[in-house]
Structure formats: C-alpha cells, structure tokens
Amino acid sequence: MTVSTAPKYYVTTPIYYVNDAPHIGHAYTTLACDVLARFKRLDGFDVKFLTGTDEHGQKVEKSARAAKLDPKEFTDQVSENFRDIALRMGFSNDDFIRTTEERHRIACSAIWERLLKNNEIYLGSYAGWYAVRDEAFYADSEISANSNGANIAPSGAEVEWVEEPSYFFRLSEWQGRLLEYYDNHPDFILPKSRRNEVISFVKAGLQDLSISRTTFHWGVPVPNDKNHIMYVWLDALTNYITAIGFPETKTGEYARYWPADLHMVGKDILRFHAVYWPAFLMAAGLEPPKRVYAHGWWTNEGQKISKSLGNVINPFDLVDRYGLDQVRYFLLREVPFGNDGDFSHRAILQRANGELANDYGNLAQRVLSMIAKNCGARVPKPGQLSEDQDEALIGQSTALLPILRKHMDTQAFNEALEAIWSVVRAANGYVDAQAPWKLREKDPSRMNTVLYILAECIRHLAILTQPFMPEASSNLLDQLGIPATERTFGAITDEKKQLRPGLRLPVPKGVFPRLIDEEIK
C-alpha cells in the first residue's frame, strides 16, 4: 500500500440527528466543510471529509414509535434523506457514517474499555434534569420555567427529572486540564467569542457526567453490562474516530488523519465538542482534534426558524428555485461565518443577479465573446505588457491564492469571497478602461494583449472559485479550454500552465443567467 506524502486534512460535519428532515442548517454546516475539503484538495492536500447521521438515543426511539416503525427501519429511511441532500448540494464527502453500523459499535465499545481501564468511569446513580430533545443533562442552576410552567433548559427544550442507575465519567477531574489545554491551544475553539463562552462554562465548575441510560434500549450496549445503553453523545462523538479505523491507532487511516484538523458544528452543540469530547479523548489516551468551529444560526426573513411557525427552509427548494451554485455562494457570502444570519429571498436574488450574473458572469461572457468574434475563437497572442495596467491586474490575480489560504484556514469564507470579488471588480474596471472593442481597427495588437490578460485573469478566477461554485467554475474552465489536469491551484503559479496563444476555444455560453422571481417582484 502506497502512503501519501501530501499534507493531510481531516474535516468533519457533526453527524445529523435523524428524528427530522434535513433543513438549511444541515446544508450550511456541510457546505462549509465541502468548500474547505475542495479547497484543500485543489491545494495539494490528502483530504478526508466525513459526514453522516446520529441514529441512537431516546429521541429517535420516540420518533420511530410515533411513525409506527422499528427504530432501525425508521433510521434507514431518514438517513437516506441526508444522503440525498449531499448529492443535491454537490457535497464531496469521502465517507458517510451511520452510528448503527457495526464498525461504530466496535469503536464505541473500544473507547469505553479504554476509559474503564484508565479508571475514568465508575458506576453510580443519576438524579437530575434531562432534555430528551437535546439528549443532554442540565444542572439545577440552568433550569427555568416557561410561560406554561414547564421546566426548560437554556436551549428552550423541556426537561424531565430522571432517576436511574448510571455509569459516570469523571469529568470534574478534567476542569484544570481542559483550561490548560485551551490556554496552550488558543485556536482550538473558534470564533473567539465561542471560545470565551466555553472557558467561562468550564471555569464555573464541571460535574461528573452520566454516560449511560437504562430507561430505553435504542443505542450501543455498554460492554459487559447489557442493562445500560451508552450515553448518546459519547456514542455520537466517537464517530469521528470510527470512520478512520479506530480502535486500530498504529496504522491505517487513524495514524494518517488523526487528530482531525477541524470539527465544524453549530453553536448549540459546542459544549459537547469543546468540553466533553476532548476530555473523553485525553482520558482514553488519545489526542483531541486541532479545532472546533461553532457557526451561527439562520433566521428566515427576520423570524426564528421553527416547525411550529412553518418557516423551515428546505434546501432542495432553494436549489430548484435559484440554482445550486447561486445557493452555495449566497450562504457563505451573505454574513461573516460564525455569526447568525438572516435569510431572505430578496437578498439571494440580489447576490445572484448583482455579483454572479452582472459582475462575474458578464465579465466572462463579454471577454470570451470578444475573443470569439475578434480573434477567430482562439486565445490571442499578447504583445508587450503595460506595467501599470496589464501586469497590475495579473499581479492581483496571482496574489489571490495566499490571501485565500489565510482566510480559509480561519474559516473566513465571506472574506475569501470578498477577496475574489475585488479581482472581479478590478477586471471589470480594466475592461472599461482599456475598451478592447475600440482597439480592433486602430491597434489590434493591443486588443490581443488586453483580451489575453483578461482571459488569463478569468482562468485564475475560475480555478479559485471551484470550491464555492463547482458547476459554474467547471463550465467556465471548459470554455477556456483548460484540461482537467490543469485545474488545481498549482496551475496558477506554473507559467507553463498559462493560456496558450492559438488554442481554439468553444462557443462561449453564459454561466450565471439573470434570475427573475415573480414572487418577490
């Protein structure tokens, strides 16, 4: 077996709970991971991109019962919906894990045995508040009453008082070690505001964590005690190492990819990933991941999204209405990643028409159309370059990649797209200033130079926008005659991969049509 010498990058989504259909939140998280995975692959990394479904727990058991289905039959059906959205959104995940798989049961049992061997687990009894919706335990200090008098958690989920035998993880003993780890790894939790929340939570004191249940049976059995089911979060979090071959740690994918470079999560599940998960891992003698990034939530036209309001955003409907690349672009362009954002149909239409169709699409269409009309549909041969005009635009284009690397490594997607658009705007300004349509008669050599510079700039843009808009970028690279082997980021800095004068180009076609939405005229 050949071992890759390329740098590795392991990125994961949370595994999605299967008690409901996929919505915009699921699409948003996975899209962010997909863009990172695509970017890193194009930049020469050996990438492992994981997503999947979390199929155990009391909530799933209740949902299956309500649907009058066996839990396995229920999860088989709902898990398929998440595979469907991955296909519809063009996600490039390398693996799709289900916690009902045998490989996962083996991994969960193995991490339990490690914790038990290291004296990190003991048998006791649990009495306290539990939210089935969150599959989470809460302290008395976190409980309040809603307008109906029901006890609720900070998340808004109703809690119930639970008393049952339970195995406990000695989480209280990890307070100091976790705080030390956060201090030594300042970028372990991003964005910084979320890091501060986690540190405050840990500093307030940690209690030992109940990690088994006896009142339901849909889950991974505790090794050597079949009366207990493993706590769904210990089960779920273990998926990240199941998928790379744990419990084998010396060879194979675990040795190659762990620790994960990035766990991408929503802000509602940050505590599980940034407190419980590193504690579980270190207690088991394993390394924590390098980073946990918690992004914000979407509202819908200013309203909180909820099933009761009937305003859940279906990503399938969005793609059908606006187009795949338009949706991918909007979700990562509209708000700074990490912040909460408001979805509106007017906003996505403005982005699609203003930035994609008018700015980028029109740039490509008019340049390629002028080449087709005035250069015999062949890449023109450039003459002497002007330092303050031609070389300035090419310089902006070639300077993009290191800028994008910096933004992508901090998950600043909107800043990466703004950097790309600064070059799109510069190229449009160059077209207007040079007016190549006026040069055909009076200075055809200069016209050829201008069109070549623009075509080369578009090549850079098309290669660099592939992670965000794979379909449109591929279409544009086809129109530039770029072979598949010359579409990686390495082709940007390789002078031998520049457009070859005389290369015949296909008939140009628009890649971002203007959208008309009758509903919001």
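Here's a check for you: in the stretch 195-222, which residue that is among the charged types (D, E, K, R) and out of contact with any strand residue (DSSP E or B) (no Cβ under 8 Å at 6 or more places or on another chain) is farthest from Lys59 (Cα to Cα)?
This residue is Lys203.
Of (1) of a type in the set (Val, Ile, Thr); (2) loosely packed, with under 14 Cβ neighbours inside 10 Å; (3) under 20 Å from Ala357 (Cβ atoms), Ile458 satisfies all except one. Which?
Result: Ile458 passes all but (2).
Only one residue in Glu101, Glu113 is closer than 25 Å to Asp134 by Cβ and either surrounded by fewer than 22 Cβ atoms within 10 Å (Cβ to Cβ) or acidic (Asp, Glu) (or both). Which one?
On the way: Glu113 fails: closer than 25 Å to Asp134 by Cβ.
Just a single option satisfies the conditions, and that option is Glu101.
Restricting to the stretch 23-72, and then to whatever is among the hydroxyl-bearing types (Ser, Thr, Tyr) and either over 10 Å from the mean Cα position of the chain (by Cα) or within 30 Å of Val222 (Cα to Cα) (or both), can you tell me which residue is modelled with the lowest pLDDT?
Checked the stretch 23-72; the qualifying residue modelled with the lowest pLDDT is Ser63.
What is the residue count in the stretch 471-496 for residues that are surrounded by 12 or more Cβ atoms within 10 Å (Cβ to Cβ), in contact with a Ser or Thr (Cβ under 9 Å, 6 or more places away or on another chain) and assigned to a helix (DSSP H, G or I)?
5
Thr449 fails exactly one of the following numbered conditions: (1) among the β-branched types (Val, Ile, Thr); (2) under 27 Å from the mean Cα position of the chain (by Cα); (3) crowded, with 20+ Cβ neighbours inside 10 Å. What is the number of that condition?
(2)
Confirm whether Ala426 is out of contact with any Gly (no Cβ under 7 Å at 6 or more places or on another chain), assigned to a helix (DSSP H, G or I), among the small types (Gly, Ala, Ser) and free of Cβ contacts under 8 Å to residues at least 60 places away in the same chain.
yes
List, please: which pairs have Cβ atoms under 7 Å, are six or more places apart or on different chains, and start with a residue in the stretch 354-380 that is farther than 24 Å from Gly502 by Cα and end with one that is of a type in the set (Ser, Thr, Tyr)?
Close Cβ pairs satisfying both conditions: Leu356/Tyr329.
Of all residues in the stretch 407-437 being under 21 Å from Ala377 (Cβ atoms) and not hydrophobic (A, V, I, L, M, F, W, C), which is surrounded by the most Cβ atoms within 10 Å (Cβ to Cβ)?
This residue is Pro436.
Filter the stretch 121-139 down to the residues that are closer than 16 Å to His228 by Cβ, buried (at least 18 other Cβ atoms within 10 Å of the Cβ) and modelled with pLDDT of 85 or more and list them by number.
Ile121, Tyr130 - these are the residues of the stretch 121-139 that are closer than 16 Å to His228 by Cβ, buried (at least 18 other Cβ atoms within 10 Å of the Cβ) and modelled with pLDDT of 85 or more.
Could you list all residues from the stretch 231-282 that are polar (S, T, N, Q) and assigned to a loop (DSSP other than H, G, I, E, B)?
Thr238, Thr249, Thr251
How many residues does the stretch 313-333 contain that are in contact (Cβ under 8 Å) with a residue 40 or more places away in the chain, surrounded by fewer than 21 Cβ atoms within 10 Å (Cβ to Cβ) and either of a type in the set (Asp, Glu) or in contact with a strand residue (DSSP E or B) (Cβ under 8 Å, 6 or more places away or on another chain) (or both)?
1
Residue-by-condition table, conditions (1) in contact (Cβ under 8 Å) with a residue 12 or more places away in the chain; (2) surrounded by fewer than 22 Cβ atoms within 10 Å (Cβ to Cβ); (3) within 26 Å of the chain's Cα centre (by Cα):
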site: Tyr181; (1), (2), (3): yes, yes, yes
site: Lys203; (1), (2), (3): yes, yes, no
site: Gly219; (1), (2), (3): yes, no, no
site: Asn227; (1), (2), (3): yes, yes, no
site: His263; (1), (2), (3): yes, no, yes
site: Leu270; (1), (2), (3): yes, yes, yes
site: Pro278; (1), (2), (3): yes, no, yes
site: Ala283; (1), (2), (3): yes, yes, no
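If you check every pair at least six apart or on different chains, which have Cβ atoms under 6 Å apart with a residue in the stretch 490-501 that is touching a residue at least 24 places away in the same chain (Cβ under 8 Å) first and a residue that is part of a loop (DSSP other than H, G, I, E, B) and not aliphatic (A, V, I, L, M) second?
So the pair list comes out as Pro501/Lys381.
Residue by residue through the stretch 119-173, note down the ones that are in contact (Cβ under 8 Å) with a residue 60 or more places away in the chain and either among the basic types (Lys, Arg) or in contact with a Gly (Cβ under 7 Å, 6 or more places away or on another chain) (or both).
Arg133, Glu135, Phe137, Ser166, Arg170
Using beta carbons and a limit of 6 Å, which pairs, at least six apart or on different chains, have the first residue in the stretch 66-87 and within 11 Å of Glu55 (Cβ to Cβ) and the second one among the basic types (Lys, Arg)?
Listed pairs, sorted by first residue: Ser79/Arg98.
Would you call Lys250 more than 30 Å from Pro513 (Cβ to Cβ), surrounded by fewer than 22 Cβ atoms within 10 Å (Cβ to Cβ), at pLDDT 95 or above and out of contact with any Cys (no Cβ under 7 Å at 6 or more places or on another chain)?
When the stated conditions are applied, Lys250 passes them.
Collect the residues in the stretch 371-391 that are buried (at least 16 other Cβ atoms within 10 Å of the Cβ) and acidic (Asp, Glu), keeping them in residue-number order.
Matches in the stretch 371-391: Asp390 only.
The values are calculated or read from the model by the stated rules, or taken from the named source; none is laboratory data. If you're wondering where the values come from, they're calculated on a predicted model, not measured in any experiment. Using ideal geometry, Cβ is built from the backbone for each residue, glycine included, and neighbour counts are taken over all protein chains shown.
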